[in-house]
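The values are calculated or read from the model by the stated rules, or taken from the named source; none is laboratory data. On a predicted model such as this, the values are computed, not experimentally measured, just so you know. Here Cβ is always computed from backbone atoms with ideal geometry, including for glycine, and neighbour counts include all displayed protein chains. The accessibility values were calculated without ligands, DNA or RNA, using every heavy atom of the protein model including side chains. Shrake-Rupley method; radii C 1.70, N 1.55, O 1.52, S 1.80 Å.
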Amino acid sequence: MKFIKRPTALTIAGLDPSGGAGLIADIKTFLANGVYGMGAVTCVTAQNTVRVSSVNPVAPDVLKDEIVTAIEDIEPQTVKIGMIGNTQLIETVQECIGHLSCPVILDPVMISSSGTPLLESDAISALEKMIPSVTLLTPNFPEAGYLAGQSDSDPQSLSRLIGEKYHTSILVKGGHLSTPDDYLYLYEDKSVVRFPGLHIDNPNTHGTGCTLSSAIAANLAKGNDLKTSVRLAKEYVTTIISAGLDLGHGCGPMDHGAVLKGDFTGQS
């Protein structure tokens, strides 16, 4: 038998039992993008495509054991951080991954698409302290406005403002805007790159932010640079939204496996 190696990525995120967002969506995305995925659960949510009924953070020592046990055996080439939940868990994540030299993507999950707070208000300052240590921050437009401390209507200006404020690269996602373009501010060379978006006639976009950030992480794990990783990740998300999966009674999930073909998938 010929043995192989595969790029690896770790997601540290909340558990969405409906599978559309959070850790489950991240693992699906890693697989679809050719990367071996590992995961550590920060919070167990009870949610579906219609509502979030509860958010239950795990104990900090449990999260620490999850992360340390995973990375001491299989070292990740990238880490994606999603919903963390509270100050204690943020500090635990920083402690556990602080010695890693791989890229770290932080998706600052603050509120669900249904309006449920997913980050305790007193934890925002702790999250902000983490930002300068990450490779890329991926806020959506409302989150970007909050982090910038102003309601600037220009996502390009917001990306530059936040990047300079926190001393790291920023991708401001424009999915909430009339023109769904994303803007990447590269902190090292102070440039902004625009990634044009398409309006797709599909209301089922649950987990788009989680999926985009984990697709970026997967492409970084494969050795791509940041601009290439963002471009490929955006193409992937566009593809899986365009697949037209229709599940649930609310804002449904995307078809994370739409790019996979072959006998085992039943897709050709």
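Figures for the structure shown
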read-out	value
Verdict on Ala25 being among the small types (Gly, Ala, Ser) and in contact with a Pro (Cβ under 6 Å, 6 or more places away or on another chain)	no
Test: residue in the range 238-253 that is closer than 29 Å to Glu164 by Cβ, in a helix (DSSP H, G or I) and touching a residue at least 24 places away in the same chain (Cβ under 8 Å)	no
Test: residue in the range 64-86 that is free of Cβ contacts under 8 Å to residues at least 12 places away in the same chain, closer than 30 Å to Lys5 by Cα and β-branched (Val, Ile, Thr)	yes
From the options Asp182, Asp201, Asp189, residue that is within 16 Å of the chain's Cα centre (by Cα) and of a type in the set (D, E, K, R)	Asp182
Only listed residue being under 18 Å from the mean Cα position of the chain (by Cα), open to solvent by less than 50 Å² (accessible area, probe 1.4 Å) and more than 23 Å from Ala148 (Cβ to Cβ), chosen from Ile24, Ile97, Ile124, Ile105	Ile97
Residues of the range 7-51 satisfying the condition of being of a type outside the set (Lys, Arg) and either assigned to a helix (DSSP H, G or I) or free of Cβ contacts under 8 Å to residues at least 24 places away in the same chain (or both)	Gly22, Leu23, Ile24, Ala25, Asp26, Ile27, Thr29, Phe30, Leu31, Ala32
Residue in the range 167-183 that is modelled with the lowest pLDDT, counting only those that are in contact with a strand residue (DSSP E or B) (Cβ under 7 Å, 6 or more places away or on another chain), over 19 Å from Ala217 (Cβ atoms) and open to solvent by less than 20 Å² (accessible area, probe 1.4 Å)	Gly174
Selected residue (criterion: farthest from Thr69 (Cα to Cα)) from residues of the range 1-20 that are open to solvent by less than 10 Å² (accessible area, probe 1.4 Å) and not polar (S, T, N, Q)	Gly20
Filter result (free of Cβ contacts under 8 Å to residues at least 24 places away in the same chain and part of a loop (DSSP other than H, G, I, E, B)) within the range 259-268	Lys261, Asp263, Phe264, Thr265, Gly266, Ser268
All positions within the range 69-80 that are of a type in the set (A, V, I, L, M) and surrounded by 15 or more Cβ atoms within 10 Å (Cβ to Cβ)	Ala70, Ile71, Val79
When residues of the range 211-250 are limited to those that are among the charged types (D, E, K, R) and surrounded by 17 or more Cβ atoms within 10 Å (Cβ to Cβ), the one nearest to Arg194 (Cα to Cα)	Arg231
Residue within the range 186-202 that is in contact with a helix residue (DSSP H, G or I) (Cβ under 8 Å, 6 or more places away or on another chain), open to solvent by less than 30 Å² (accessible area, probe 1.4 Å), outside any strand (DSSP E or B) and of a type in the set (Val, Ile, Thr) present	no
Condition check for Ile162: over 20 Å from Gly22 (Cβ atoms), in a helix (DSSP H, G or I), modelled with pLDDT under 95 and among the β-branched types (Val, Ile, Thr)	yes
